[in-house]
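Student: Attaching a single structure in structure tokens format; questions to follow.
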Amino acid sequence: MDTPSGSPARRADHQPLLLSLIIPAFNEEKRLPSSLRQLRTYLASRHYAAEVIVVDNGSTDRTAEVVRQASARWPELRLLQTRERGKGRAVREGLLAATGTYSFYCDADFSMPIEEIARFLPPQLPEVELAIGTREGPGARRVGEPLHRHLMGRVYNALVRRFALPGIQDSQCGFKCMRADIGRQLARRLTIDGWGFDVELLTIARLWGYRIVEVPIAWHYAPSSRIHPVLDSWRMTRDLFTVWRNAHAGRYAEPQAATTSAAIAIGETRYEAPASSVSGQGGETL
């Protein structure tokens, strides 16, 4: 059962929400206080209204308490709790709870500098349907990542391009933005709760004809990453072939209510703005 805390945010001037920022969190009591302070300072400098939804993903530490304490001083911060674990489950619940025009989900440690959020939104990136961070290609940078982790990620992304998402350079980067109505449609069809959910989300989006834009970012590796190199790689590969089977079996049929910019997305457009040089902290993605 999922338990919400707090109401959808609005500023005192009743300005409609532009952005719902979703943070999946599992045992993040140590990193969240600093991350939330950074985020609050950044959002206070923006001209638009935003809410922050932290999805406590079955934590066994003080993650929920940290968020509740912060929300007492920050009305735009909401806590959502789900007993079921898995980053995919947490993101799904956050997308369904979002009330802004755009939904943006990101890792709790801000491995991408938070200033780069603006590059995923109008006016810097017009007509957003889905904009996904990428750590590969012109303008992107990986900072402090061990070679074995980089090689693991490249092998997995090569499999993703071969079996599910031709043209997508980095399906697993933990920073993705989309129109909130599209996010809700996709969330209702997701079935994978673990690390492989990104591939399922993007596969469904492509099958439904939504435009996917890759945004090069500067990404900073976290030595405290919880990804198990062998076990999680196996699980993600298993999830990839589950998505491949589902897609070929027609299990991701487009809903009648979906409106798309094209019947089928053949290729992806890449946003080639240079990545920011602002430093960040480590992340949790392959």
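None of the figures in this text is laboratory data; all of them are computed from the coordinates on show. None of these values were measured; they are calculated from a predicted model. Positions of Cβ are generated from backbone atoms using ideal geometry, with glycine treated the same way; all protein chains shown enter the neighbour counts.
Student: Provide Rg and Dmax in Å for the range 1-155, with only Cα atoms included in the calculation.
Tutor: 15.9, 50
Student: Let me ask something else. Order 47-59, 149-161, 101-113 from most to least packed using the mean count of other Cβ atoms within 10 Å.
Tutor: Top to bottom by mean Cβ count within 10 Å: 101-113, 47-59, 149-161.
Student: Which order do LEU147, LEU39, LEU21 fall in if you start with the one that has the fewest other Cβ atoms within 10 Å?
Tutor: Working: LEU147 7, LEU39 22, LEU21 25.
In increasing order of surrounding Cβ atoms, one gets LEU147, LEU39, LEU21.
Student: Where the Cα atoms of the range 95-187 are projected onto their three principal axes, how long is each span, largest first, in whole Å?
Tutor: Projected onto the principal axes, the Cα atoms of the range 95-187 cover 39, 31, 24 Å.
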